[in-house]
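Notes to accompany the following structure.
Any read-out appearing in this document is the output of simple, stated calculations on the displayed coordinates, not a laboratory observation. These numbers were taken from a predicted model, which means no experiment stands behind them. So basically every Cβ, Gly included, is an ideal-geometry build from the backbone, and we count neighbours across all protein chains shown.
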Amino acid sequence: MSFTSINIINEVSIRADYFINSTECERRALVVTFTERGNIDLAGTGFGGDFLLSQGCDVVAIKTTASRWFEDLNNDMITRISEELDCRGRTYSIRASYGSSMGGYAAIRFSKDLRIDRVLAISPLYSIFLDDDPRYREDGALLSQLEMMKPEFIGKETNFFVVYDPFSKDKIHADRFKKIIGVENFNLLEVPFSGHPSGFVLNEIGQLKEVGSRVLLEGVFPSLRSVWNRRRYSPTYLYWLGEALNRHHKHKWAAAVLIRASEINPRSAEIFTQLTIAHLGTTNTKEALFAAVTSVELDFGNVHRRLNLLDVLERTEMFQQAIALVDKMLSDVADNPDNASRQHYQYRRERVLAKMRKSG
């Protein structure tokens, strides 16, 4: 894989590089990519860049380390990218954009500005300010605009391909995108119980590259029907299926699914947390305690996992252990007597003591 790299933008938290592929290609595609939320690296080929270059594509990799949802990708930067593309004189059979979650939002948001023909967005968010989805609302403090998506951002000739989990909150965003884009240019691939973003499950069943190449280069979604049985080997799929079963009080089924997930990925604290809930739902307190302890060992710094363990210790009447745990949690916030967490931990301690006295 040989290419030439040209830097277009190089700011503190955002960078854009143009990778010109040296591979001979009869019908070359340009793909503009956007990094996902949580990216920490401005170097390299960006989101999916290595794969796209291996497919003969040219790539403009737009990378950010800030959770500002590409608000700092301003008009001047867009102009610089467009001018760089124009002055190189490369002819493209298709201009596409690609991203996941925050990057998926940006792939849609800047599609008209960058004269994009085809968008592949995995689990894109329409806005972080929706009342019925608070997942990333904390990022709102970093943004100056409340309206993240507008009809004028959408090109009438652009085709949009969106991958999402219909059983997650991502459906709220997919429905809004469908309304603003219009059904004639809007294509959906549902990946049930894939969570956010759906790319993890696609990767675990060996279909992420297939979806990427078929959509970006051919403009069609591949059928997952023949490979969907591979989902039983996807810990992410099994986790989200188990979580849904727990929410619907199908704890016995949830336990079976989550045990399978934990066998595939024994290092996932999230899986053991859900497994704790499933075992408690079937009154299997011994296994619930083991799962809760394991989740804390894997992710001790996570307060929610320790509270989950505290719940199990209370239910199993292991009061001395519960007091020791809550005292440790209190010591972690000892320097802040007004901390809301400290008040809650103190309440939990008093509750455990009351149960201890009642039990004799």
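Listed options for P(r) over Cα pairs in 20 Å bins from 0, in percent are [x] 27, 55, 18, 0; [y] 28, 62, 10; [z] 26, 48, 23, 3, 0. The value calculated from this structure is the one marked [z]. Cα centroids of segment 3-57 and segment 232-299: 38 Å apart. With respect to the chain, whose longest principal axis is taken over its alpha-carbon atoms, helix 170-181 is tilted by about 30°.
A DSSP coil position with no more than 12 other Cβ atoms inside 10 Å describes the following GluC sites (Glu not before Pro) in segment 114-171: Glu147, Glu157.
Checking the table Lys169/Lys250; Lys250/Lys286; Lys169/Lys355; Lys328/Lys358; Lys178/Lys250; Lys252/Lys358 against a 27 Å threshold on Cα-Cα, which pairs fail?
Lys169/Lys355; Lys178/Lys250; Lys252/Lys358
Between the Cα long axis of helix 269-281 and the first principal axis of the chain there is an angle of about 50°, rounded to the nearest 10. Applying 1/(1 + (r/R0)^6) with R0 = 25 Å to the Cβ-Cβ distance of Lys358 and Glu287, what FRET efficiency is obtained, to the nearest 0.05? Between Lys358 and Glu287 the formula returns 0.45.
What is the local net charge at Gly49, summed over the other residues whose Cβ is closer than 15 Å to its Cβ (Lys, Arg +1; Asp, Glu -1)? Every neighbour counted, the sum reads -2. For segment 233-330, chymotrypsin sites (Phe, Trp or Tyr not before Pro) meeting the loop criterion (DSSP other than H, G, I, E, B) and having at most 16 other Cβ atoms within 10 Å: Phe300. May I ask you to list the residues of segment 311-344 whose amide nitrogen lies under 19 Å from a point 7 Å from Cα along the Cα→beta-carbon direction of Ala141? Counting only backbone N, you get 336-342.
Entry note, the chain: relative contact order of 9 percent, from Cα contacts under 8 Å with a spacing of 6+ residues. Residue separation of Thr91 and Thr316 scaled by 0.36 nm, minus their Cα-Cα distance, works out to 74.2 nm of gained length. Can you give me the angle between helix 319-332 and the longest principal axis of the chain, using Cα atoms only, in degrees from 0 to 90, rounded to the nearest 10? It is inclined by approximately 50 degrees. Of all DSSP beta bridges confined to segment 3-229, the antiparallel ones make up roughly 35%.
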